[in-house]
Amino acid sequence: DNSFQKFLKTSVLSSYSAQAMDGKGEYIIRKLYSAFSNNPSQLPDTAIASFCEHIDISFQRAIFNDYVEDNKAILHRCIIDYIGGMTDRFAYDEYDRLYGTKF
């Protein structure tokens with residue numbers, strides 16, 4: 001029904017609280033991406049293992065950074081995949097773990 005869709009758009013999706021949550025979510029995603037891109041060692045073992053698998057080396061956290069510079073595109077894809085698989089709650093917790101600020 002068109003009137004229901006109009007109601008959703010005007011009363012819910014465009015509301016101040018929905019827009020504020022969207023803004024906060026986008027901010028957290030950008031900060032997580034920045035943190036992991038600037039310091040890939042902060043990634044969990046699962047994301048590092050995915051990176052290693054993509055470049056066909058065995059998983060070893062100790063040598064991971066030796067391969068990052070020559071495989072930036074793969075690293076960024078693994079970061080995006082890791083963040084994309086997060087729930088909202090997990091993203092907030094991960095943000096807090098990295099930046100020490102509660103949202």
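Here are a few things to note about the model shown:
- A Cβ-based charge dipole, computed about the Cα centre of the chain with Lys and Arg at +1 and Asp and Glu at -1, lands at about 500 debye.
- A simple rule links phi to the HN-Hα coupling: the Karplus curve 6.51 cos²θ - 1.76 cosθ + 1.60 with θ = phi - 60°, which for the stretch 34-48 gives 4, 4, 6, 5, 6, 9, x, 5, 6, 5, x, 4, 5, 6, 5 Hz, with x for Gly and Pro.
- Taking packing as the residue-averaged number of other Cβ atoms within 10 angstrom, the listed peptides 84-92, 67-75 run from highest to lowest as 67-75, 84-92.
- In the chain, helical runs assigned H by DSSP with n ≥ 4 each contribute -39500 (n - 2.57); averaged across all residues and rounded to the nearest 500, the mean residue ellipticity at 222 nm is -21500 deg cm²/dmol.
- Heavy atoms of Ser41 accessible to a 1.4 Å probe, total area in Å² rounded to 10: 50 Å²
- In plain terms, if you count all Cα to Cα distances in the chain and split them into 10 Å steps from zero, the share in each step is 14, 37, 24, 14, 9, 2 percent.
- In terms of packing, defined here as the mean over residues of other Cβ atoms within 10 angstrom, the peptides 93-101, 45-53 line up highest first as 45-53, 93-101.
The values are calculated or read from the model by the stated rules, or taken from the named source; none is laboratory data. Every value quoted in this text rests on a predicted model; they were computed, and no experiment measured them. Note: ideal-geometry Cβ built from the backbone for every residue, glycine included; neighbour counts use all protein chains shown. Note: areas computed on protein heavy atoms with side chains; ligands, DNA, RNA excluded. Shrake-Rupley method; radii C 1.70, N 1.55, O 1.52, S 1.80 Å.
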